[in-house]
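The values are calculated or read from the model by the stated rules, or taken from the named source; none is laboratory data. Keep in mind that what you see is a predicted model, and the values were worked out from it rather than measured. Glycine also receives a Cβ, built like all others from the backbone with ideal geometry; neighbour counts cover every protein chain displayed.
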Amino acid sequence: MPVPVPSPAGRPPAVPTGEVTGATAAAADAPEAADADGGLTLLVIEDEPGGSLAGRHMTAMTGAAEGPVRIRTARNLTEAERLLTDDVQCILLDLALPPAGRTPGRQPDELATLRQVLRLAPDHAVLALTAEADAERAAEAVRVGAQDYLFRDELDGRVLNRAIRYAVERKRADFAQRQLTESRLRAQENARLERGLLPHPLLAGSGLRFAARYRPGRSRALLGGDFYDSVRTPDGTVHAMIGDVCGHGPDEAALGVELRIAWRALTLAGLCGDDLLATLQQVLEHERAHDEVFATLCTVDMAPDGRTASLCLAGHPAPLLVRPRRAPVLLPQDGGGPALGLPASARWPHQEVELGPAWSLMMYTDGLIEGRVGGGARRLGQEGLIELVRRRMRQGLRGEELLEATLAEVRALNGGDLTDDVAVILLDRG
């Protein structure tokens with residue numbers, strides 16, 4: 001057994017291996033206690049726990065510290081692993097400690113023990129102690145992963161206390177910076193993923209101009225529960241749709257992407273009418289998180305000549321049709337079917353509508369018309385949207401400019417960002 005080193009009167013002596021000085025063992029095992037009293041819990045690893053490091057310097061540090069100092073000592077890594085708990089803030093490692101499991105005949109690694117300690121305690125601050133003659137090895141210890149190094153011959157209690165606290169704070173700063181970097185990388189990866197999930201309309205040869213705006217309701221997101229798409233099939237028909245999964249969290253965003261991709265695949269495969277919507281309902285029922293989730297949908301299938309279209313509404317607001325020298329009007333919204341996912345079986349009637357030789361068709365989700373007007377409870381509504389678009393088109397705005405101005409004014413009327421997801425698409429002909 002190592003012999004405790006005598007200490008000055010009134011100061012606690014160094015303690016045999018594994019025991020604690022300056023506080024009770026119970027306090028040392030409680031991270032909250034170590035944080036609350038401003039003290040430190042240290043693990044000293046050296047082959048002579050009663051020697052100069054754990055004796056003279058550690059005892060002097062106890063007297064110079066700002067708070068209680070709890071010291072645990074270990075003669076090897078096996079003992080260190082047993083004593084290493086979450087409330088240990090710093091490990092003091094004597095670089096002279098011989099590495100465990102050295103292979104005979106192989107060139108020794110002078111920092112093998114340090115590397116083992118770093119693997120054993122990746123979240124703890126580590127201070128390397130060595131002789132002044134080993135300055136090069138001490139600097140290499142920091143490059144390997146130690147927070148700092150100290151020369152044993154130059155130590156006193158105050159220097160040691162300051163060095164340990166610096167090492168602990170540096171480790172905390174390194175950990176916070178690593179978390180911040182990882183969080184930033186995850187955010188960038190998620191942003192790239194979400195951007196990749198937004199659709200690229202397939203309208204080559206249609207003669208139509210397409211514009212879209214998308215604003216998710218959840219903070220710092222690029223994708224919400226709203227979804228839209230538009231494709232042209234080989235017969236010349238242009239198919240456009242817009243939908244809204246109830247809610248606007250990540251689960252709803254994922255379901256919206258699944259429904260959009262399913263709609264595109266089914267449309268390009270030639271499915272239409274009730275067969276298309278019934279299949280989409282099956283996709284929703286299999287993929288939704290719980291039975292209360294539903295989705296509204298609006299589809300418009302424009303004839304190859306662009307003058308007529310077939311409209312289908314599944315619990316969704318009707319699109320806005322704008323023609324030259326005429327006031328904007330809503331397409332018929334009576335006679336539609338229920339939202340997808342509500343009834344066990346349903347039908348979704350299609351209505352034929354006249355578009356004319358030149359037109360603009362605005363399809364949107366309810367987040368656009370449910371914004372408030374002023375500070376009261378009144379909503380913008382479809383009538384408010386009609387008036388807003390009429391004024392903007394009188395100013396000569398079309399396409400991208402019209403969408404941008406519309407969203408900007410809706411947001412201004414709401415007094416800030418809209419709380420729900422918003423998707424708007426605009427198709428122009430002529």
Residue, surrounded by the most Cβ atoms within 10 Å (Cβ to Cβ), within segment 318-344, restricted to residues that are without any contact (Cβ under 8 Å) to a residue 12 or more places away in the chain and farther than 18 Å from M362 by Cβ: P343
Test each condition in (1) under 19 Å from P216 (Cβ atoms); (2) surrounded by 14 or more Cβ atoms within 10 Å (Cβ to Cβ) for A408 and report the one that comes out false. (2)
Only residues that are more than 27 Å from the chain's Cα centre (by Cα), more than 28 Å from Q188 (Cβ to Cβ) and surrounded by fewer than 19 Cβ atoms within 10 Å (Cβ to Cβ): list them for segment 232-267, please. T233, P234, D235, G236, T237, A265, L266
What residue, of P357, P349, is surrounded by fewer than 16 Cβ atoms within 10 Å (Cβ to Cβ), under 29 Å from E287 (Cβ atoms) and not aromatic (F, W, Y)? P349
Only residues that are in a loop (DSSP other than H, G, I, E, B) and farther than 16 Å from D421 by Cβ: list them for segment 361-408, please. V373, G374, G375, G376, A377, R378, Q395, G396, L397, R398
In segment 318-327, what residues are modelled with pLDDT of 95 or more and in a loop (DSSP other than H, G, I, E, B)? A318, P319
If you go through segment 268-278 one residue at a time, do you hit one that is small (G, A, S), at positive phi and more than 32 Å from the chain's Cα centre (by Cα)? yes
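Say we look at segment 123-171 and pick out the residues that are in a loop (DSSP other than H, G, I, E, B) and modelled with pLDDT of 90 or more; which of these is farthest from P68 (Cα to Cα)?
Pass one, segment 123-171, residues in a loop (DSSP other than H, G, I, E, B): 123-124, 131, 145-147, 155-156.
Subset that is modelled with pLDDT of 90 or more: 124, 145-147.
Values: H124: 19, G145: 27, A146: 24, Q147: 22 Å.
Per the criteria, the residue is G145.
Which is of a type in the set (V, I, T), in contact with a strand residue (DSSP E or B) (Cβ under 6 Å, 6 or more places away or on another chain) and in contact (Cβ under 8 Å) with a residue 60 or more places away in the chain, of V88, V168, V126?
Only one candidate qualifies: V168.
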For residues that are surrounded by 10 or more Cβ atoms within 10 Å (Cβ to Cβ), at pLDDT 85 or above and touching a strand residue (DSSP E or B) at 6+ places or on another chain (Cβ under 8 Å), scanning just segment 173-204, find the one that is farthest from L259 (Cα to Cα). L203
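Sort out which residues of segment 293-317 are under 38 Å from the mean Cα position of the chain (by Cα), outside any strand (DSSP E or B) and in contact (Cβ under 8 Å) with a residue 40 or more places away in the chain, and write them in order of number. Walk me through it before giving the result.
First pass over segment 293-317, keeping only residues under 38 Å from the mean Cα position of the chain (by Cα): 293-301, 312-317.
With outside any strand (DSSP E or B) added as a condition, the list becomes 293-294, 315-317.
Of everything in segment 293-317, those that are under 38 Å from the mean Cα position of the chain (by Cα), outside any strand (DSSP E or B) and in contact (Cβ under 8 Å) with a residue 40 or more places away in the chain turn out to be V293, F294, H316, P317.
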